[in-house]
Each structure stands twice: as structure tokens, then as C-alpha cells.
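K.L.:
A single structure is presented below for examination.
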Amino acid sequence: MQESEIVQRNLALQRQWYGEPLGDRVRRLVVAYRTSQTQLAEVLGISAPMLSQVMSGRRAKIGNPSVLARLVILERKVFTPGVLAGEAESVKQALRDVKASHPSLGRDSVPVEDETDEEESAWPVLRRLARPNELHRIAELLDEQHPALAGLLRRAACSDTGAS
């Protein structure tokens with residue numbers, strides 16, 4: 001099997017296992033936390049070359065459950081008000097917290113929680129950045145490629161009225 005076929009197979013497996021290619025998820029975190037791929041690898045507890053291989057599809061999976069758990073924690077922390085607003089100290093603190101964490105993933109350790117509270121904490125920040133009609137327009141632009149984010153923007157825009 002040629003390398004390009006292996007990469008395509010691995011990316012398909014990532015979509016199946018993680019919902020999308022890990023490269024997409026990691027790139028969003030690099031942008032959200034205004035950090036480098038190398039620094040993000042350090043926070044996650046994985047070598048920079050290994051992260052690069054996973055991102056490019058040369059490797060299919062993250063083998064260490066703690067690394068995957070840290071990735072998920074970082075994705076969730078993006079929606080905390082300070083990080084969402086791009087406050088430098090909040091961003092640095094989130095990265096420090098995740099780096100210092102020792103999470104584990106197991107059958108009984110994956111938290112199942114209502115994301116509504118987490119989501120609602122982002123609404124005031126979004127409303128400070130844009131008016132409801134602007135949030136709706138942005139949601140329309142994101143619908144095709146990022147439907148979950150578009151939905152978040154619509155709920156933030158409508159939250160004062162209770163509509164959705």
C-alpha cells in the first residue's frame with residue numbers, strides 16, 4: 001500500500017473514531033489558543049513529531065488515553081468566557097491547567113454532563129462581540145462546514161427571547 005493510500009485510510013479511520021480528522025481538531029486548537037503545534041503537543045503530553053504524524057494521517061490514532069482526554073478538555077475549555085474572548089491570561093491558564101492534569105479515559109471515567117451550562121457561558125461573550133442579527137448571518141456562513149458552531153451562534157442570538 002502506498003503512503004497516500006495509507007494516509008487516506010487513516011484519515012477515514014479518524015473520521016470514524018473521532019468524528020473528523022485529528023488534524024482539523026488540532027488546527028482549531030492551535031488557532032483558539034494562539035499557540036504553536038509544538039507547544040500544543042507539550043500541553044497534550046505527546047511529542048511534536050507524533051502529533052504531526054497523527055495530524056497528517058501518517059498515524060491513525062492517539063494511543064495514549066490521557067493525551068486524548070487532554071485534547072477533549074482543551075476543546076471544551078475553548079468555550080469558557082475568558083478563552084473565548086481571547087484573554088491572554090485565561091488562555092495561558094487553560095493551557096497550564098490541562099498540561100498539569102492527569103486525566104484518564106475509561107468505561108466509568110468519561111463524564112456525561114449537560115453541555116447547556118457550558119454553552120450558555122459563551123453566550124454573553126458572543127453577544128458582546130456581535131448583535132443577534134450578526135450572529136445569525138455568521139451562522140448562515142458556517143452552516144455547511146460547521147453546523148454545530150452555527151447552532152451555537154443561533155442559540156446565543158436567540159437566548160434573550162427564549163426562541164431557538
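K.L.:
Normalising by the residue count of the chain, find the relative contact order in percent from Cα pairs under 8 Å and 6+ residues apart.
P.N.:
Details: 154 pairs, mean separation 29.0, N = 164.
Relative contact order of the chain: 18 percent.
K.L.:
Follow-up question, since we're still on this one. What FRET efficiency do you get for S121 and W17 if R0 is 35 Å and r is their Cβ-Cβ distance, rounded to the nearest 0.05? Could the numbers behind the result be given before it?
P.N.:
On the way: r = 29 Å, r/R0 = 0.82.
With a Förster radius of 35 Å, E is 0.75.
K.L.:
Still on this structure, I have one more. Taking 0.36 nm per intervening residue step and subtracting the Cα-Cα distance, what contour gain separates S56 from L129 on full extension? Walk me through the numbers before you get to the answer.
P.N.:
Details: separation 73, 0.36 × 73 = 26.28 nm, distance 3.36 nm.
Extending this stretch completely gives an extra 22.9 nm.
K.L.:
For every helix of n ≥ 4 consecutive DSSP H residues, a contribution of -39,500 (n - 2.57) applies; sum these over the chain, divide by its total residues, and give [θ] at 222 nm rounded to the nearest 500 deg cm²/dmol.
P.N.:
Details: 10 runs with 111 residues, N = 164.
Theoretical 222 nm ellipticity from helices: -20500 deg cm²/dmol.
K.L.:
How far is it, in nm, from the label point at E3 to the one at V78 when both lie 7 Å from their Cα along the line to the Cβ?
P.N.:
Inter-label distance under the simple model: 2.9 nm.
K.L.:
Measure nothing but the geometry: give the 0 to 90° angle between the long axis through the Cα atoms of 132-142 and the longest principal axis through the Cα atoms of the chain, rounded to 10°.
P.N.:
So the inclination is approximately 30 degrees.
K.L.:
To continue, here is another question. On a 0 to 90° scale, report how tilted helix 116-129 is relative to the longest principal axis of the chain, with both axes built from alpha carbons and the result rounded to the nearest 10.
P.N.:
70 degrees
K.L.:
Once the piece of chain linking D24 and Q93 is laid out straight, how much longer is it, given 0.36 nm per residue of separation minus the C-alpha distance between them? Kindly include the intermediate steps, with their values, before the conclusion.
P.N.:
On the way: separation 69, 0.36 × 69 = 24.84 nm, distance 2.33 nm.
Going from the current span to full extension adds 22.5 nm.
K.L.:
Which angle from 0 to 90°, rounded to the nearest 10, does the C-alpha axis of helix 88-100 make with the longest principal axis of the chain?
P.N.:
Tilt relative to the chain: about 40 degrees.
FYI, it's all coordinate maths here, none of it is from the lab. Here the structure is a predicted model, which means the values were calculated and not measured. Glycine gets a Cβ as well: all are built from the backbone with ideal geometry, and neighbour counts include every protein chain shown.
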